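Here's the structure, in C-alpha cells; my notes come after.
The values are calculated or read from the model by the stated rules, or taken from the named source; none is laboratory data. Worth saying up front: this structure is predicted, and the values here are computed from it rather than measured. Because the Cβ atoms are built from the backbone with ideal geometry, glycine has one as well, and the counts that use them run over all protein chains shown. Side chains included, ligands, DNA and RNA excluded: accessible areas come from the protein's heavy atoms. Shrake-Rupley method; radii C 1.70, N 1.55, O 1.52, S 1.80 Å.
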Amino acid sequence: MSEDPESAMVNQMKARSLLNSISKSFGLTVLIWAAGILSAEAKESLKLRVAIEQNVPQVNVGSSVNAQVLDGSQRVIGEIQGMNGFAAQVKEGGIALDRWKSGALWVVPKDENGVVWIGNRWYRGRVYLIPTGKGLTAINYVDLEQYLFSVLGSEMSGNWPQEALKAQAVAARSYALHEREGAIRKNEMFDLGDTQGWQVYNGIQAESAGTQTAVIATAGKVLAHDDRVINAVFHSSAGGCTENVEDVWVQPLPYLRSVKNNYDQGSPVNEWSRNFTAAEIGNRFGVGNLQRLEPVKMTRNCGRVQEIRVVGDRGSKVVKGNEFREALGLRSTLFTIANQFQPIASKEGQKQALAGVTFNGRGFGHGLGMSQWGAYNMARRGYTFDRILRQYYLNTELGTINVER
C-alpha cells in the first residue's frame, strides 16, 4: 500500500471532491462532448510530453471515465473508476497511487474521449508519473493538435480575430516541435513545460470554439528556415519594435530579426509606467538608498536596456536588463527613466535628493518574434495569418509537416 488506510481514504476523498467540483465549474460534460467530435481531427498526430507538475511531493490524479493504471512497462495493474481521483506520491523510490506502486505509473482513460485530471485541471490525453529529484513529475502525453486547442486559449483570447489565432497556432506548433526536437536530442523526459517559460498550457478549460477552429484550419502548418522548423518565440507586445535575437539572448538566428511597425498602437500594454521610491529600488538591489540609475548597455535597434548600473549610498552594482525587469516587475526592458527629486537641508545649504523613479515603458515581454497584440491589430486591419507571420518571422517559409509519431 502507498500509505496507511486512513490517509489513503482522506486523500481519495479530497481528490474526488476536487474532481466533482471542477467538473461542475467548467462544464465537463460539454468539454468531453467537444473532445469526442474533435478527436478524429488529431488522433493521428504526434504526441507531445508536457510537464504539468515538476518535483512536487504529491499530485492529485484522476479521470473523467474509467481509466487503466499501468506500471512503467505499460502493463495493466489496476483500474480507476470515472470521476475518482487519488493523490500520487513518491514511495520507496517509486510512485504510489492508492494501492498501486511501481517505479513509474500511467493513468490512461479507457475511452478516447475521456480526459485526465492533473493537479487542479483537466487535460486531454494521458498522464505519466515518474519520481524526480526529491518529488515526482506528472507529464501529460497529448496529441499535438489537441494540445494547441488549449495553448491558443491560454496565450490569446478565443474571441480574438481568427487570422490572429491562426498565426498563433502556426507559431505555437512550430515552437512546440522545435522544443520537442531539442528534448529528444538531449534525451530529456519531457518536451515542454506548461508555463510562460515555454508557452502557457492550461488544459481544456482554456479551449473554445475559436481556438479549435484556428488549430483545425492550420493543421500541420509550420514555419521553416532551410527546411528546419524554427524556434517561433512570441510575446505579448513589442511596443513598436522587435529585436535581433542575439541582442536579447545569445545565438543569432536569421529569422528572429528586428522589425519596426505601428501595429501595437492602441493595445493595453503598448505604453505603461511604474513608480518606485528611491528606497524601494535601493533596498531591492542591496545598495541602500538609491542615488541614481545609469543604463550601461542598450540594444542597438529598439533601445531595450541590456545592462543598468544601480548606485546607492551603500554601493553600486551592474544588473542585467532582464534581471532588473524581473526584480521590479516591469513589463519589458524597453523603458526610459524619469527621476523625481526632493529638497533636503545640508551643511552646504539646500540640496536635491532622489525621491523616486518613474519608468515609462512600451510593450510586454522579451520583444522577440511575433507580437501577439501586433497580430491582433493586423488581423483587425484585414491581414491574413500568413502575412502576419511574414511580418515577424523573416526569411521563413510556411509549409505543412506530416507528424505521425
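Please go through (1) surrounded by 18 or more Cβ atoms within 10 Å (Cβ to Cβ); (2) within 30 Å of Val222 (Cβ to Cβ); (3) not hydrophobic (A, V, I, L, M, F, W, C) for Lys260 and return the number of the only condition it doesn't satisfy. Status for Lys260: all satisfied but (1).
In the set (1) under 30 Å from Gln162 (Cβ atoms); (2) open to solvent by 70 Å² or more (accessible area, probe 1.4 Å), His366 fails one condition alone, (2). Quick check on Gly367: is it out of contact with any Cys (no Cβ under 8 Å at 6 or more places or on another chain) and among the small types (Gly, Ala, Ser)? No. Report, by residue number, each residue of segment 137-150 that is buried (at least 24 other Cβ atoms within 10 Å of the Cβ), closer than 30 Å to Gly93 by Cα and out of contact with any Asp or Glu (no Cβ under 6 Å at 6 or more places or on another chain). Within segment 137-150, Ile139, Asn140, Val142 qualify. Under the condition of being within 15 Å of Val229 (Cβ to Cβ), free of Cβ contacts under 8 Å to residues at least 60 places away in the same chain and either under 15 Å from the mean Cα position of the chain (by Cα) or open to solvent by less than 20 Å² (accessible area, probe 1.4 Å) (or both), the residues counted in segment 179-199 number 3.
With respect to being open to solvent by 10 Å² or more (accessible area, probe 1.4 Å) and closer than 14 Å to Gln199 by Cβ, Gly153 fits the description. Being farther than 15 Å from Gln54 by Cα, at pLDDT 95 or above, assigned to a helix (DSSP H, G or I) and among the acidic types (Asp, Glu), is that true of even one residue in segment 156-163? Looking through segment 156-163, at least one residue is farther than 15 Å from Gln54 by Cα, at pLDDT 95 or above, assigned to a helix (DSSP H, G or I) and among the acidic types (Asp, Glu).
Yes/no per residue for (1) of a type outside the set (Val, Ile, Thr); (2) over 12 Å from Val357 (Cβ atoms); (3) at pLDDT 95 or above:
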residue	(1), (2), (3)
Gly288	yes, yes, no
Lys297	yes, yes, yes
Arg304	yes, yes, yes
Arg309	yes, yes, yes
Arg314	yes, yes, no
Gly321	yes, yes, yes
Arg325	yes, yes, yes
Leu328	yes, no, yes
Ser332	yes, yes, yes
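Restricting attention to segment 166-178 and to residues that are more than 21 Å from Thr195 (Cβ to Cβ) and of a type in the set (A, V, I, L, M, F, W, C), the residue that is surrounded by the most Cβ atoms within 10 Å (Cβ to Cβ) turns out to be Ala167.
Checking the condition farther than 30 Å from Trp373 by Cβ and touching a residue at least 60 places away in the same chain (Cβ under 8 Å), which residue from Val115, Val90 passes?
Within the list Val115, Val90, the selection yields Val115.
Of the residues in segment 323-338, at least one is without any contact (Cβ under 8 Å) to a residue 24 or more places away in the chain and open to solvent by 70 Å² or more (accessible area, probe 1.4 Å). When the residues of segment 82-110 are filtered to those that are over 14 Å from Leu129 (Cβ atoms) and at pLDDT 95 or above, the one that is nearest to the chain's Cα centre (by Cα) is Pro109.
Checking each residue in segment 208-235 for being part of a loop (DSSP other than H, G, I, E, B) and either open to solvent by 30 Å² or more (accessible area, probe 1.4 Å) or more than 19 Å from Tyr376 (Cβ to Cβ) (or both) picks out Ser208, Ala219, Gly220, Asp226, Asp227, Ile230, Asn231.
Within segment 324-337, is there a residue that is assigned to a helix (DSSP H, G or I), in contact with a helix residue (DSSP H, G or I) (Cβ under 9 Å, 6 or more places away or on another chain) and under 24 Å from Trp198 (Cα atoms)? Yes, there is a match, as at least one residue in segment 324-337 is assigned to a helix (DSSP H, G or I), in contact with a helix residue (DSSP H, G or I) (Cβ under 9 Å, 6 or more places away or on another chain) and under 24 Å from Trp198 (Cα atoms). From the list Val287, Val250, which one is closer than 30 Å to Gly315 by Cα, assigned to a loop (DSSP other than H, G, I, E, B) and open to solvent by less than 60 Å² (accessible area, probe 1.4 Å)? Of Val287, Val250, the one residue that is closer than 30 Å to Gly315 by Cα, assigned to a loop (DSSP other than H, G, I, E, B) and open to solvent by less than 60 Å² (accessible area, probe 1.4 Å) is Val287. Going through (1) in contact with a helix residue (DSSP H, G or I) (Cβ under 6 Å, 6 or more places away or on another chain); (2) over 21 Å from Asp386 (Cα atoms); (3) open to solvent by 40 Å² or more (accessible area, probe 1.4 Å); (4) not in a loop (DSSP other than H, G, I, E, B) one by one, Ile204 falls short only on (3). Screening segment 263-283 for residues that are over 19 Å from Phe335 (Cβ atoms) and part of a loop (DSSP other than H, G, I, E, B) and picking the one that is most open to solvent (accessible area, probe 1.4 Å) gives Gly266. Taken over segment 71-97, the criterion of being of a type in the set (S, T, N, Q), open to solvent by less than 50 Å² (accessible area, probe 1.4 Å) and farther than 17 Å from Ala138 by Cα is satisfied by Asn84 alone.
Filtered by the rule that a residue be part of a strand (DSSP E or B), in contact with a Ser or Thr (Cβ under 9 Å, 6 or more places away or on another chain) and either of a type in the set (Gly, Ala, Ser) or surrounded by fewer than 16 Cβ atoms within 10 Å (Cβ to Cβ) (or both), segment 296-317 gives a lone residue, Arg309.
If only one of Lys43, Lys14, Lys47, Lys24 is at pLDDT 50 or above and open to solvent by 60 Å² or more (accessible area, probe 1.4 Å), which one is it? Among Lys43, Lys14, Lys47, Lys24, only Lys47 is at pLDDT 50 or above and open to solvent by 60 Å² or more (accessible area, probe 1.4 Å).
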